[in-house]
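Please read through the structure below; I'll follow up with questions.
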Amino acid sequence: MFRKLLTLFAAMSLGAAFAAVDVNKASEAELDGIKGVGPATSTLIVAERKKSEFKNWDDFIARIKGVGQKTAAKFSAQGMTVDGTTYQAATKTDTKTVQRKTELN
């Protein structure tokens, strides 16, 4: 019986460790649980969120100093989401298309 309880507890703990952490809802402690997010970054995220919620990953990257596409991808791989959405980096083709559309306007 004890083994079953121990196994159940371990499984629940692992599930919680890999649970999604939404930057618009998470506490500083939950944000600190993401590898690479320290106290300074989690404080900045919460302060920026108080001004207004993050609309998407691009908004998050623009407002949080030190976070670029590479870091956003790492955070997302560890369970961080923005409004329930994981980060998907733009491909080179997507970037070129946006640049061409901008140049045409």
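Residue by residue through region 42-58, note down the ones that are crowded, with 16+ Cβ neighbours inside 10 Å and not polar (S, T, N, Q).
Residues satisfying the conditions are 44, 45, 48, 49, 54, 57.
I would also like to ask the following. Is it fair to say residue 98 is at pLDDT below 95 and either in contact with a His (Cβ under 6 Å, 6 or more places away or on another chain) or not polar (S, T, N, Q) (or both)?
yes
OK, next. Could you list, in sequence order, the residues of region 63-75 that are surrounded by fewer than 12 Cβ atoms within 10 Å (Cβ to Cβ) and either assigned to a helix (DSSP H, G or I) or touching a residue at least 40 places away in the same chain (Cβ under 8 Å) (or both)?
Selection gives 70 alone.
Can you name the condition, by its number, that residue 5 falls short on among (1) at pLDDT below 95; (2) surrounded by 10 or more Cβ atoms within 10 Å (Cβ to Cβ); (3) farther than 18 Å from residue 84 by Cα; (4) of a type outside the set (Lys, Arg)?
Every condition holds for residue 5 apart from (2).
Counting just the residues of region 77-86 that are farther than 13 Å from residue 54 by Cβ and not β-branched (Val, Ile, Thr), which one comes out surrounded by the fewest Cβ atoms within 10 Å (Cβ to Cβ)?
Among them, the one singled out is 77.
The values are calculated or read from the model by the stated rules, or taken from the named source; none is laboratory data. All values derive from a computational prediction rather than experimental measurement. Methodologically, a virtual Cβ is constructed for each residue, glycine included, from the backbone with ideal geometry; neighbour enumeration extends over all protein chains shown.
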